[in-house]
Amino acid sequence: MIRNLWGIEDVSNYLGVPVGTLYQWRSKGYGPTGRKIGKYVRYKPDDVEQWFEAQAEGVA
């Protein structure tokens, strides 16, 4: 079953970071992988969750 794609606000809420931070990360090639759909950026929830989980590995 395919889950709905997340918009920038959904990812912002999930990660607890401002929308502007996500756009900054995106311009620097950091953060979860988003895809342009027309003029919108959409994220696969699984990609966002995997990116988040991978961040814990680098914490000392």
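The values are calculated or read from the model by the stated rules, or taken from the named source; none is laboratory data. Since the model is a prediction, treat every value here as computed from it, not as a measurement. We place every Cβ from the backbone using ideal geometry, glycine too, and count neighbours over all the protein chains shown. Protein only, heavy atoms only, side chains kept; ligands, DNA and RNA dropped before computing areas. Shrake-Rupley method; radii C 1.70, N 1.55, O 1.52, S 1.80 Å.
Observations, loosely collected:
- Helix 19-28 axis versus longest C-alpha principal axis of the chain: approximately 80°, rounded to the nearest ten.
- Taking only protein heavy atoms and a 1.4 Å probe, the accessible area of the chain is 52% carbon and sulfur.
- A 1.4 Å probe run over the protein chains yields, for the chain, 75 Å² of accessible area per residue, whole-number rounding.
- The chain: trypsin sites (Lys or Arg not before Pro) in DSSP coil with no more than 16 other Cβ atoms inside 10 Å: R3, K39
- Sparse-neighbour loop sites [chymotrypsin sites (Phe, Trp or Tyr not before Pro); segment 20-60; at most 11 other C-beta within 10 Å; DSSP]: Y30
- In plain terms, the chain from D47 to N4 could stretch by 14.2 nm, reckoned as 0.36 nm per residue minus the Cα-Cα distance.
- Mean projected area (nm²) of the alpha-carbon convex hull when the chain is viewed from all directions: 4.7
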